Amino acid sequence: MEVPISGGGGGERFCHAAQVVGADGEMDGEAMARFAAGAGLLGRGLSYAVVSIVGPQGSGKSTLLNQLFGTSFTEMDALKGRSQTTKGIWIAKAVGIEPFTVVMDLEGTDGRERGEDDTAFEKQSALFALAVSDIVMINLWCHDIGREHAANRPLLKTIFEVLMRLFSPRKTTLLLVIRDKTKTPLEYLTQALKEDIQKIWNAVLKPEVYKEAALSEFFNVEVTALSSYEEKENLFKEQVGQLRQRFIHSIAPGGLAADRRGVIPASGFCLSALQIWKVIRENKDLNLPAHKIMVATVRCEEIADEKLKSFISDKGWLELETAANSGLVPGFGKKLNAILDFYLSEYDTEAMYFDEDVRTAKRQQLESEILKHTYDAFKKMLEHLHHVVLNKFKSDLEQSLRSGEGFAASARYCVQSSMAEFDAGLRDALVKHAEWDTTKVRSKLEQHIEAHATSVRGTKLAELKANYEKKLLDTLAGPVQSILETGEKDSWACIRRLYRHATESAILAFSASLSEFELDQTTIHKMVMELREHARSIVEEKAREEAGNVLMRMKERFSTVLSRDKDSMPRTWKGNEDIRAITREARLAALRLMSVMAAVRLDDKPDKIDRALTTALLDGGPLSQKRSIEFTSDPLASSTWEEVSEKNTLITPVQCKSIWRQFNAETEYAVAQAISMQEAHRRSNNWLPPAWTVLLLAILGYNEFIFLLRNPLYLLGLFVAFVVSYAAWLQYDITAYFRHGTLSGLLTITSGFLPTIMDIITAVINMSHNQKSSSHPPRHRPPLHPQSFRNQAQQQSQAQVQYQAPSSLSSSSSVGSNSDDES
């Protein structure tokens, strides 16, 4: 039951009085909690005192408390008789006293209402008062002092007996209040009372550990006396006022409270009282130090849970968490530290009076829980920081490389600046209370940076290598192909010189370019060897490509040597050329070309390929004496060349033999055509009669010759005929007509003679007709050029030949073509 009361002590003040232990001996925890909250006890820390009063029933305990502390406990109405007024334990707040003072009014002893249960409850309530109170007031009748069977002796004996059940009890102030003081001086009363108390203390059975202990080790005994309230009310109130002053600042050094070492903080008082009463009711020994630890544990856990919930719902933290999930938050650690410090500070303030070890342990747990709750946000921050720093490293490295800086120097600088930026961001995000291991995050960033740098380095090296490989391709491919096409004996010597010069130049420049990457010697040597091998592969690939076209190249070479002379002029087969020698020379050139393309000779090792091909294919074949001397068997009856490795073989001996056979078959026609042209030329040059015929004509025609000399007109006519015949000879290329035989030439000339005469007559008639029909004065015509006349006559003659003799035209055309070749 709770009642608002109006207390004395100088003014009306409202306070809460609550019954925390009922008549049945059960404690009402909720009533205790409501009292603490309503009276403002929870926030007092250690700045509070607990005063309880015990004494015989009807001794005026409640009246004294109401007068002394301004409380309003229910008082006994003397007009209704002496009976039990206070049942169980009541609690209230002292009015107008600092520090905050909790006042407990305990049920009186020796009450007839409780009967046989009086002793048990008396001990329980007395033990409870000793456990929770700083000051225990014992209400005593003055007339009982010095009496052996006084009413106060069982009460004191009960207090001393229950004291033994307190494990490591603290020193408590026993304020003995002598009621209804007589004229006996207080000094005598105090001395008699202390003697009685000492006798009672000595008579109490004590544990072995406290057997020799003095009363002063457990109690600070104070004695005061009050006059009768009913008979001397004013004096009573005056004395109560003086006693009230002793309760002001009671917990200060030298104050009325004797020992403050085991005080429970105010926020844990309700829990402590509840647990103490529970242990007392279970009739167990009360271990106050252990109880203190228990209360501290429970209360610190409650405070820590409250602060954790407040932190989780804190608006500032929620905003910070949302921002951290979205991106990098500048000052994340500083902001989180401020929020964390605020709640830890609140925890410290509320738990500062509890056991230090418990308080510290629970603080660490609270801190750990808060940090555990914030770790995800911190982890997100590190992920954002990792992403930002890695992207910046990529951008800085790319920009540095574009500006022309060396790769190794650029990468080193960018790595250092990026890691420094990450460390700065990490320091900005760290929470000072946390001991989170960030080495893995840093190592992961270093790995990603190193991986990107390695990737970029690989790309740059690949580009650099590809660039030099292309240069080698441009330098070697064309010249190697050109040299192989010549098919000279020193072709591979020229290729080797070209290969070495191009390779060494490229390697020198390549090595200089690699210096900016600061690679180890093993890697540099490997890349240089790869470039060298690439150069070799270019030559080998080009050689294999040309070897695949060797038959075509051989035919081209054969055709070139056969159809052109040493000055590269087209040959005219006039009949005096040695076709056999020329053919051999052409075949030898083609064979030499095949010899050049038969194997790769970059190692400058001697071989017998050229000699084997010449001996086997050109010097007489199987029956050649030279071959029988130098080679014991057919050198081409094998799939490999002597002194040539298989990988360097482009055309095997067997393939050479097959190619040569095909080559001969495809070039025989060209040789046969040359021989035919030579024979035709010879026949064309033999149309004149033999010399003996000319001599016979000269002897037989002597008379005719003398006749012509004697008749000049005949001689002139013969001269004119000669001139005309010579002109016709030159104009119509009579020699060409007779190239294919005398009969063919005569037929061609005869077929074209009549049309020519007709054309000449027609031209003369047209000229005379034009002169007569002209109305203009006669003008001098330009003379008809003989060459144009001949051309016109030739055209008409050819047209006539086409019309009358097609077969003659074909013969004439073929002869004409041969004539053009000769010219």
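Treating only the Cβ of Lys, Arg, Asp and Glu as charged (+1, +1, -1, -1), what charge dipole size does the stretch 574-618 show about its Cα centre? Round to the nearest 20 debye.
140 debye
Defining a contact as two alpha carbons under 8 Å apart and six or more residues distant in sequence, what relative contact order in percent does the stretch 369-476 show?
Computed over the stretch 369-476, the figure is 34 percent.
With N residues in the stretch 233-325, what two-decimal value do you get for its Cα radius of gyration over 2.2 N^0.38 Å?
Output field value: 1.79.
Arrange the peptides 316-325, 385-394 so that the one whose residues have, on average, the most other Cβ atoms within 10 Å appears first.
385-394, 316-325
Where does each of Lys309, Lys608 land when they are ordered by accessible area, with a 1.4 Å probe and the largest first?
Lys309, Lys608
Percent of accessible area on the stretch 287-436 owned by carbon and sulfur, 1.4 Å probe?
51 percent
Would the stretch 287-436 count as rounded, prolate or oblate if I go by the C-alpha gyration tensor, calling it rounded below 1.5 in a/c and otherwise prolate when a/b exceeds b/c, oblate otherwise?
Cα axes put the stretch 287-436 in the prolate bin.
With a 10 Å radius around each residue's Cβ, average the other Cβ atoms per peptide and rank 448-461, 34-47, 589-602, 702-715, highest first.
In decreasing order of mean packing, 448-461, 34-47, 589-602, 702-715 become 589-602, 34-47, 448-461, 702-715.
What accessible area, in Å² to the nearest ten, does a 1.4 Å probe give for Leu747?
The value for Leu747 is about 100 Å².
Counting only heavy atoms of the protein chains, get the accessible area per residue of the stretch 368-475 (1.4 Å probe) and round it to a whole Å² value.
Accessible surface, normalised per residue, equals 57 Å².
Rounded, prolate or oblate: pick one for the stretch 17-286, where a ≥ b ≥ c are the square roots of the eigenvalues of its C-alpha gyration tensor, a/c under 1.5 means rounded, and failing that, prolate if a/b is larger than b/c, else oblate.
Taking the square roots of the gyration eigenvalues as a ≥ b ≥ c, the stretch 17-286 is rounded.
Sorting check: for 506-518, 433-445, which peptide has the highest mean count of neighbouring beta carbons within 10 Å, and how do the rest follow?
Packing order, densest peptide first, comes out as 506-518, 433-445.
So, in the stretch 462-549, how many Lys pairs have Cα atoms under 22 Å apart, if the pair is 8 or more places apart or on different chains?
Taking the Cα cut-off of 22 Å, the pair count is 7.
Just read off the accessible area of Thr486 with the full protein assembly in place, 1.4 Å probe, to the nearest 10 Å².
Using a 1.4 Å probe on the heavy atoms, I get roughly 60 Å².
Ignoring ligands and nucleic acids, what accessible area does Thr522 show with a 1.4 Å probe (Å², nearest 10)?
Taking all protein chains as shown, Thr522 has close to 110 Å².
Which one of Tyr188, Thr101, Gly55 is farthest out on the positive end of the charge dipole of the stretch 17-286, using unit charges on Cβ (Lys, Arg +1; Asp, Glu -1) and the Cα centre as origin?
My answer, from the dipole projection, is Thr101.
Mind checking which of Thr374, Ser326, Thr360 is farthest towards the positive end of the stretch 287-436's charge dipole, using Cβ charges of +1 (Lys, Arg) and -1 (Asp, Glu) about the Cα centre?
Farthest towards the positive pole: Ser326.
Is the shape of the stretch 688-730 best called rounded, prolate or oblate, per the rule: a/c under 1.5 gives rounded, else a/b larger than b/c gives prolate, else oblate, with a ≥ b ≥ c the square roots of the Cα gyration tensor eigenvalues?
Since a/c reaches 1.5 but b/c is at least a/b, the shape of the stretch 688-730 is classed as oblate.
The values are calculated or read from the model by the stated rules, or taken from the named source; none is laboratory data. Because the structure is predicted, anything quoted here is derived from the model rather than measured. Cβ coordinates were reconstructed from backbone atoms using ideal geometry, including for glycine residues, and neighbour counts include every protein chain displayed. Quick note on the areas: whole protein, heavy atoms, side chains included, nothing else; ligands and nucleic acids left out. Shrake-Rupley method; radii C 1.70, N 1.55, O 1.52, S 1.80 Å.
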